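Working notes for the structure below.
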Amino acid sequence: MPLLSPPMRRIIVSLVASAVALPPVGATDTCIADWSIAAPIVHAQGLTTVEALSRIAATELPGIIVKTTLCEENGAFVYRLLVRDAGGKLTSRTVDARAPFGR
């Protein structure tokens, strides 16, 4: 006799898979998903705008950016990107907000 019912096992497996799939965020990392807050920071800090990032990414990434989040990691601003490739696979990518893709 199993200890957990099949529905309960599915729930637990889903929760564990979700937790493992989340990107690690260190104690010093701060992210701003709300662009009404992030946009003034981008302009005040002289960071690459999301519009410019999208143009640059079109030549640098094999896919389309579906989400961009401004984060501060260890005192530097970065963009955390969620990218969808031609096959529909989603991948995470982090780029420097001042010089994305080394530019």
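The values are calculated or read from the model by the stated rules, or taken from the named source; none is laboratory data. Everything numeric here is computed off the predicted structure, so don't read it as measured data. Glycine gets a Cβ as well: all are built from the backbone with ideal geometry, and neighbour counts include every protein chain shown.
Observations on the model:
- The set of residues in the stretch 55-72 being in contact (Cβ under 8 Å) with a residue 24 or more places away in the chain and more than 13 Å from the chain's Cα centre (by Cα) consists of Ile56, Ala57, Glu60, Leu61, Pro62, Gly63.
- Tally of residues being charged (D, E, K, R), surrounded by fewer than 14 Cβ atoms within 10 Å (Cβ to Cβ) and part of a strand (DSSP E or B) across the stretch 49-81: 1
- The stretch 29-53, residues that are under 15 Å from Phe101 (Cα atoms) and touching a strand residue (DSSP E or B) at 6+ places or on another chain (Cβ under 6 Å): Leu47, Val50
- If you go through the stretch 82-97 and pick out every residue that is surrounded by 14 or more Cβ atoms within 10 Å (Cβ to Cβ) and either part of a strand (DSSP E or B) or not hydrophobic (A, V, I, L, M, F, W, C) (or both), you end up with 7.
- Only one entry of Ile37, Ile41 meets the criterion of being surrounded by 13 or more Cβ atoms within 10 Å (Cβ to Cβ), outside any loop (DSSP other than H, G, I, E, B) and either hydroxyl-bearing (Ser, Thr, Tyr) or modelled with pLDDT of 95 or more (or both), and that entry is Ile41.
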